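The values are calculated or read from the model by the stated rules, or taken from the named source; none is laboratory data. Note that the structure is a prediction, hence the values are computed from the model and not measured. Backbone-built Cβ (ideal geometry, glycine too); neighbour counts: all protein chains shown. In case anyone asks, the SASA skips ligands and DNA or RNA and just uses the protein heavy atoms, side chains included. Shrake-Rupley method; radii C 1.70, N 1.55, O 1.52, S 1.80 Å.
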Amino acid sequence: ACTAALALADEKVALAQAAYDLIDAHITRLDRDLRTFDQALLEREAAEAAAAGIKPSTPGGTGGGGMQTEKEGGAPRANEAVPVDPNEPRYCVCQRVSFGPMIACDNENCDMEWFHYSCVGLSTEAKFKGNWYCPACTAERRRLKKLEAKEAAAAAKK
């Protein structure tokens with residue numbers, strides 16, 4: 001009885017290992033395909049930007065830069081090399097490299113700092129007065145304002 005149980009346990013372990021190996025092989029293939037797809041997408045976007053006469057802007061600085069695009073002359077420019085260097089910094093909610101018109105979040109502590117206009121729903125025709133905050137920083141500012149209002153109301157009751 002004990003030998004049969006050990007044999008059954010060994011069979012289960014072998015099946016689990018085989019399933020793991022198959023899943024690992026598929027994940028490896030998916031990762032490779034995803035890297036290939038991402039690279040092709042970046043190259044296509046860079047080519048489209050170049051065809052449209054848009055030079056990629058390089059985000060930089062210490063945040064709080066407001067709207068800075070190549071039209072305004074505010075953001076430094078990166079070279080237009082294709083394919084994209086895998087060590088090039090990633091920006092925006094899309095986590096892609098710098099290209100096309102971008103805007104800086106005015107929160108000096110913003111994690112992403114720079115955003116592609118299209119990724120945050122902005123038009124290159126948009127005009128801004130004052131500061132611009134990314135969606136994450138806007139949500140955090142709203143949360144803090146609500147918290148301050150609750151604390152002020154609690155303090156007024158005392």
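Each residue in region 94-121 was checked for being open to solvent by 10 Å² or more (accessible area, probe 1.4 Å), within 14 Å of residue 135 (Cβ to Cβ) and out of contact with any Pro (no Cβ under 8 Å at 6 or more places or on another chain), and 9 of them qualify. Selection of region 68-112 for residues being among the charged types (D, E, K, R), over 19 Å from the mean Cα position of the chain (by Cα) and either modelled with pLDDT of 80 or more or under 29 Å from residue 141 (Cα atoms) (or both) yields 70, 72.
Screening residue 119 with (1) part of a helix (DSSP H, G or I); (2) more than 16 Å from residue 91 (Cα to Cα) gives one miss only, at (2). Per this entry, residue 34 is not counted among residues that are within 19 Å of residue 86 (Cα to Cα) and open to solvent by less than 70 Å² (accessible area, probe 1.4 Å). Mind checking whether some residue in region 52-67 is out of contact with any Leu (no Cβ under 8 Å at 6 or more places or on another chain), open to solvent by less than 40 Å² (accessible area, probe 1.4 Å) and modelled with pLDDT of 85 or more? No - not one qualifying residue is present in region 52-67.
Checking each residue in region 113-144 for being among the hydrophobic types (A, V, I, L, M, F, W, C) and under 13 Å from the mean Cα position of the chain (by Cα) picks out 114, 115, 119, 120, 134, 136.
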